[in-house]
Amino acid sequence: QVQLVESGGGVVQPGGSLRLSCAASISGFSFRPMGWYRQAPGKQRELVAHITAARSTNYADSVKGRFTISRDNAKNTLYPQMNGLKPGDTAVYYCNAVPPVVPSWGQGTQVTVSS
């Protein structure tokens with residue numbers, strides 16, 4: 001059974017920072033590529049950051065240079081450090097494997113960037 005629990009969202013001013021967390025109960029976590037996805041109102045869910053089992057990372061152009069994804073395999077936890085937040089980053093953020101273990105999405109965590 002897969003369980004994904006995201007936390008750490010909130011309201012932040014443009015230019016601010018947030019660090020999200022994802023507690024992942026998923027078999028073979030340390031061997032799976034994992035990612036952070038987001039879904040803005042009226043838009044499709046998109047993958048914005050990806051980390052492999054070997055800890056190679058990849059980012060969507062929209063967040064490159066501002067987001068850093070990391071993982072703690074001992075704790076089955078995934079993080080993004082998000083700096084330089086922009087209003088366009090406003091979305092519900094989700095974690096999941098890459099490709100996602102559908103339909104096992106968590107509830108997500110809301111990030112709102114607003115002055």
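The values are calculated or read from the model by the stated rules, or taken from the named source; none is laboratory data. Because the structure is predicted, anything quoted here is derived from the model rather than measured. Counting neighbours? That spans all protein chains shown, and the Cβs are built from the backbone with ideal geometry, glycine included. Note: areas computed on protein heavy atoms with side chains; ligands, DNA, RNA excluded. Shrake-Rupley method; radii C 1.70, N 1.55, O 1.52, S 1.80 Å.
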Yes/no for GLN44 being closer than 21 Å to GLN107 by Cα and open to solvent by 60 Å² or more (accessible area, probe 1.4 Å): yes
Out of (1) touching a residue at least 12 places away in the same chain (Cβ under 8 Å); (2) open to solvent by less than 60 Å² (accessible area, probe 1.4 Å); (3) under 12 Å from the mean Cα position of the chain (by Cα), the one THR68 does not meet is (2)
Criterion (in contact (Cβ under 8 Å) with a residue 40 or more places away in the chain and open to solvent by 40 Å² or more (accessible area, probe 1.4 Å)) met by exactly one of ARG55, ARG19, ARG38: ARG19
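Return the residue satisfying two criteria in turn: it lies in region 105-115 and is open to solvent by less than 30 Å² (accessible area, probe 1.4 Å) and part of a loop (DSSP other than H, G, I, E, B), and of such residues it is farthest from GLY8 (Cα to Cα). Reasoning before the result, please.
If we filter region 105-115 for residues that are open to solvent by less than 30 Å² (accessible area, probe 1.4 Å), which is where we start, we get 106, 108-109, 111, 113.
Next, only the ones that are part of a loop (DSSP other than H, G, I, E, B) stay: 106, 108.
Numbers: GLY106: 14, GLY108: 10 Å.
Taking the candidates together, the pick is GLY106.
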Note on HIS50: of the conditions (1) open to solvent by 60 Å² or more (accessible area, probe 1.4 Å); (2) touching a Ser or Thr at 6+ places or on another chain (Cβ under 9 Å), unmet is (1)
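Here are ASN73, ASN96: which of them is in contact with a helix residue (DSSP H, G or I) (Cβ under 6 Å, 6 or more places away or on another chain) and either closer than 19 Å to GLN13 by Cα or in contact (Cβ under 8 Å) with a residue 40 or more places away in the chain (or both)? Before the answer, list the steps.
Details: ASN96 fails: in contact with a helix residue (DSSP H, G or I) (Cβ under 6 Å, 6 or more places away or on another chain).
After ruling out the rest, the residue left standing is ASN73.
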Residues satisfying the stated conditions in region 58-92, i.e. assigned to a strand (DSSP E or B) and not hydroxyl-bearing (Ser, Thr, Tyr): ASN58, PHE67, ILE69, ARG71, ASP72, LEU78, PRO80, GLN81, MET82, ALA91, VAL92
Residues of region 1-26 satisfying the condition of being closer than 12 Å to VAL111 by Cβ and either in a strand (DSSP E or B) or within 12 Å of the chain's Cα centre (by Cα) (or both): GLU6, SER7, GLY8, GLY9, GLY10, VAL11, VAL12, LEU18, ARG19, LEU20
Taking region 71-104 and keeping residues surrounded by 14 or more Cβ atoms within 10 Å (Cβ to Cβ) and among the β-branched types (Val, Ile, Thr) leaves THR77, THR90, VAL92, VAL98, VAL101
Within region 85-115, restricting to residues that are of a type in the set (Val, Ile, Thr) and touching an Asp or Glu at 6+ places or on another chain (Cβ under 6 Å), the one that is farthest from GLY65 (Cα to Cα) is THR109
